[in-house]
Amino acid sequence: MKTPMGVFQIKNISNNKVLIDNSIDMVSKWNRHKMELKFGNHRNNNLQKDWNEYGADNFVFEVLSELKKKDEENINYQKELKILQEFVIEELNIENTY
């Protein structure tokens, strides 16, 4: 089973702040973010503060762009995802970030 890779956001629907991130396995990365937030030790202190204040129900996970696996070998997907993330931030004019 292939796991989706791409760029996603964690959005606080109360204040519209977002954390933009990317991963070759978005499901696992989202689960890691949720666990860190749940246990109160997320590396982004501002996101953690808002999570504690607003609660988990005020946050949504949204895929912004998926990157499809290519048939070519030796592709640096980490680098491709970083470029895609920068493009998405610029294209969507995202400013209200954590």
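In segment 66-83, how many residues are closer than 11 Å to S23 by Cα and either over 12 Å from the mean Cα position of the chain (by Cα) or small (G, A, S) (or both)?
The qualifying residues number 5.
Taking into account only those residues within segment 1-58 that are in contact with a strand residue (DSSP E or B) (Cβ under 7 Å, 6 or more places away or on another chain) and aromatic (F, W, Y), which is nearest to N76 (Cα to Cα)?
Out of the qualifying residues, it is F8.
Is it true that some residue in segment 19-31 is hydroxyl-bearing (S, T, Y), without any contact (Cβ under 8 Å) to a residue 60 or more places away in the chain and loosely packed, with under 12 Cβ neighbours inside 10 Å?
Scanning segment 19-31 turns up at least one residue that is hydroxyl-bearing (S, T, Y), without any contact (Cβ under 8 Å) to a residue 60 or more places away in the chain and loosely packed, with under 12 Cβ neighbours inside 10 Å.
Residues in segment 4-15: is at least one among the small types (G, A, S), touching a residue at least 24 places away in the same chain (Cβ under 8 Å) and surrounded by fewer than 15 Cβ atoms within 10 Å (Cβ to Cβ)?
yes
Restricting to segment 11-44, name every residue that is basic (K, R) and part of a strand (DSSP E or B).
K11
For segment 45-75, how many residues are modelled with pLDDT of 95 or more, on the phi < 0 side of the Ramachandran plot and assigned to a loop (DSSP other than H, G, I, E, B)?
0
Taking only pairs six or more apart or across chains, which ones have beta-carbon atoms under 7 Å, a first residue in segment 61-72 that is closer than 12 Å to V88 by Cα, and a second residue that is assigned to a strand (DSSP E or B) and of a type in the set (S, T, N, Q)?
L64/Q9
Can you tell me which residues in segment 63-85 are surrounded by fewer than 10 Cβ atoms within 10 Å (Cβ to Cβ) and of a type in the set (D, E)?
D71, E72, E73
Can you go through E80, E53 and tell me which one is more than 21 Å from I94 (Cα to Cα), free of Cβ contacts under 8 Å to residues at least 60 places away in the same chain and either touching a helix residue (DSSP H, G or I) at 6+ places or on another chain (Cβ under 6 Å) or among the acidic types (D, E) (or both)?
E53
Within segment 30-62, track down each residue that is of a type in the set (S, T, N, Q) and closer than 19 Å to V7 by Cα. So that I can check it myself, show each step before the final result.
Here is the first cut: in segment 30-62, the residues of a type in the set (S, T, N, Q) are 31, 41, 44-46, 48, 52, 58.
Scanning segment 30-62 gives N31, N44.
The values are calculated or read from the model by the stated rules, or taken from the named source; none is laboratory data. Quick caveat: nothing in here was measured; it's all calculated off a predicted structure. Every residue, glycine among them, receives a Cβ derived from its backbone with ideal geometry; neighbour counts consider all protein chains shown.
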